[in-house]
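Enquirer: So that we are looking at the same thing, I have put the structure below in structure tokens.
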Amino acid sequence: MNYFVIVDVTLREGIADPEGATIERALPALGFSGVSDVKAGKSFRMSIDAESEEAALAKASALAERLLSNPVIEDAAARLGEKASS
Amino acid sequence: MNRVGVVVFPGSNCEYDAVLAMETLGTTAELVWHSVTDLSGYDGIILPGGFAHGDYLRPGALARFSPVMDAVRSFANDGGPVLGICNGFQVLTEAGLLPGALQKNIGLTFLCQPTTLVVTSQRSVLTSGAQIDQELVVPINHFSGSYTCDDETYQGLRDNDQIVLRYKSNPNGSRDDIAGIANERGNVVGLMPHPERAMSTLLGSADGRVLLESFVAAHVAA
């Protein structure tokens, strides 16, 4: 089977997020009030051939741990997603 | 030190500065392409500044998988002097040869300016010839130079005297003003500032010399 997987990479709790902080500071000037806890991160999308959902997610988690994220400062989470029709 | 290898990744751009600095100090330096897997014959290795593999994903994230990095790891484990400058520092942290990580600068500003560094440890191949509290003017040139690590790692760095250089005035948000660190053994050092660009008063500062002279004087541990 082929599974569409999304990996979200976010900064670990307690690690400074200058990008998120800068975005948050910019929002009031654009008229968006009441927005807090803005965090910047990355998301990666991929199709994975695997026996099962679990196997696909396990593979995504493994490659996220090895390459997509730096475990010193980032967390990675894999989830199944819907491929946008092209 | 007779022969220094300066590793060139696709996207490195300070390799010639590093070679020139080594030659200025009377040693031989050669460029080493990142696909090389044998570093025997070199007495020291420099990972220069630049944007290895385009800095895609994260600075150093792809460079750490370049074939040469296994050889760099072996070289370091054998006690060989390894110096990572700027992007080279980022590569060393991603490769796990130095602890912690370099994050985007506070304020998200690319910084290109002279900075004053303070020598805080002589227990490394880069600072053995400098004096504690000695101030050195050395330029920085980076976007991701904010050193970060967890509390346990930080305590380890302090306990083992691994913080070798600090900024006098913190430009980028680095934890505890850290500009450069060494591994426990002191033979692997990474720093964000560019000592190879501070080799001549005519060009602003010659304060990088004392650091690189220490590196050149370092011997491969028996």
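Enquirer: Quick one: how many residues across segment A:32-86 are in a loop (DSSP other than H, G, I, E, B), more than 14 Å from chain B (Cβ to nearest Cβ) and touching a strand residue (DSSP E or B) at 6+ places or on another chain (Cβ under 7 Å)? Show your work before the answer.
Expert: To start, the set of residues in segment A:32-86 that are in a loop (DSSP other than H, G, I, E, B) comprises A:32-40, A:50-52, A:69-73, A:81-86.
Subset that is more than 14 Å from chain B (Cβ to nearest Cβ): A:32-37, A:50-52, A:81-86.
When the remaining residues are screened for being touching a strand residue (DSSP E or B) at 6+ places or on another chain (Cβ under 7 Å), the result is A:50, A:81-83.
Within segment A:32-86, residues that are in a loop (DSSP other than H, G, I, E, B), more than 14 Å from chain B (Cβ to nearest Cβ) and touching a strand residue (DSSP E or B) at 6+ places or on another chain (Cβ under 7 Å) number 4.
Enquirer: Only one of (1) surrounded by fewer than 24 Cβ atoms within 10 Å (Cβ to Cβ); (2) on the phi < 0 side of the Ramachandran plot fails for B:Glu94. Which number is that?
Expert: (1)
Enquirer: B:Ser35: out of contact with any Leu (no Cβ under 7 Å at 6 or more places or on another chain), among the polar types (S, T, N, Q) and assigned to a loop (DSSP other than H, G, I, E, B), yes or no?
Expert: So B:Ser35 fits the description; yes.
Enquirer: Oh, and also: Scan segment B:190-222 for residues that are part of a helix (DSSP H, G or I), of a type in the set (Val, Ile, Thr) and either at pLDDT below 95 or at positive phi (or both) and report the count.
Expert: As a first pass, look at segment B:190-222 and keep what is part of a helix (DSSP H, G or I): B:195-197, B:201-203, B:208-217.
Filter once more, keeping what is of a type in the set (Val, Ile, Thr): B:201, B:210, B:216.
Remaining after also requiring either at pLDDT below 95 or at positive phi (or both): none.
Number satisfying all stated conditions: 0.
Enquirer: Moving on to the next point. For segment B:112-136, which residues satisfy the criterion of being hydrophobic (A, V, I, L, M, F, W, C) and more than 15 Å from B:Asp177 (Cα to Cα)? Spell out how you get there, then give the answer.
Expert: First pass over segment B:112-136, keeping only residues hydrophobic (A, V, I, L, M, F, W, C): B:112, B:117-119, B:125-126, B:130, B:132, B:136.
Answer for segment B:112-136, where residues must be hydrophobic (A, V, I, L, M, F, W, C) and more than 15 Å from B:Asp177 (Cα to Cα): B:Cys112, B:Val125, B:Leu126, B:Ala130, B:Ile132.
Enquirer: Looking only at segment B:103-134, count every residue that is closer than 30 Å to B:Phe65 by Cα, more than 9 Å from chain A (Cβ to nearest Cβ) and either more than 17 Å from the chain's Cα centre (by Cα) or not polar (S, T, N, Q) (or both) and tell me the total.
Expert: Counting residues in segment B:103-134 that are closer than 30 Å to B:Phe65 by Cα, more than 9 Å from chain A (Cβ to nearest Cβ) and either more than 17 Å from the chain's Cα centre (by Cα) or not polar (S, T, N, Q) (or both) gives 7.
Enquirer: Could you say which residue among B:Leu62, B:Leu47 is at pLDDT 95 or above, over 17 Å from the mean Cα position of the chain (by Cα), crowded, with 18+ Cβ neighbours inside 10 Å and closer than 26 Å to A:Arg66 by Cβ?
Expert: On the way: B:Leu47 fails: over 17 Å from the mean Cα position of the chain (by Cα).
Going through B:Leu62, B:Leu47 in turn, just one is at pLDDT 95 or above, over 17 Å from the mean Cα position of the chain (by Cα), crowded, with 18+ Cβ neighbours inside 10 Å and closer than 26 Å to A:Arg66 by Cβ: B:Leu62.
Enquirer: Moving on. Count, please, the residues in segment B:34-52 that happen to be over 15 Å from B:Val6 (Cβ atoms) and touching a Gly at 6+ places or on another chain (Cβ under 6 Å).
Expert: Selection size over segment B:34-52: 1.
Enquirer: Looking only at strands (runs of 3 or more DSSP E) that lie completely in segment B:135-177, which have at least 1 residues being touching a Lys or Arg at 6+ places or on another chain (Cβ under 9 Å) and within 11 Å of chain A (Cβ to nearest Cβ)? Full working, then the answer.
Expert: Details: elements: B:135-142, B:146-148, B:163-167.
Qualifying strands (runs of 3 or more DSSP E): B:146-148.
Enquirer: Could you identify the single residue in B:Leu92, B:Leu83 that is assigned to a strand (DSSP E or B), closer than 17 Å to B:Ile163 by Cα and at pLDDT 95 or above? Explain how you work it out, then say what you get.
Expert: On the way: B:Leu92 fails: assigned to a strand (DSSP E or B).
Result: B:Leu83 is the single residue among B:Leu92, B:Leu83 that is assigned to a strand (DSSP E or B), closer than 17 Å to B:Ile163 by Cα and at pLDDT 95 or above.
The values are calculated or read from the model by the stated rules, or taken from the named source; none is laboratory data. The structure presented is a predicted model; accordingly, all values stated were derived computationally and were not measured. No Cβ is skipped: glycine too gets one built from the backbone with ideal geometry, and neighbour counts run over all protein chains shown.
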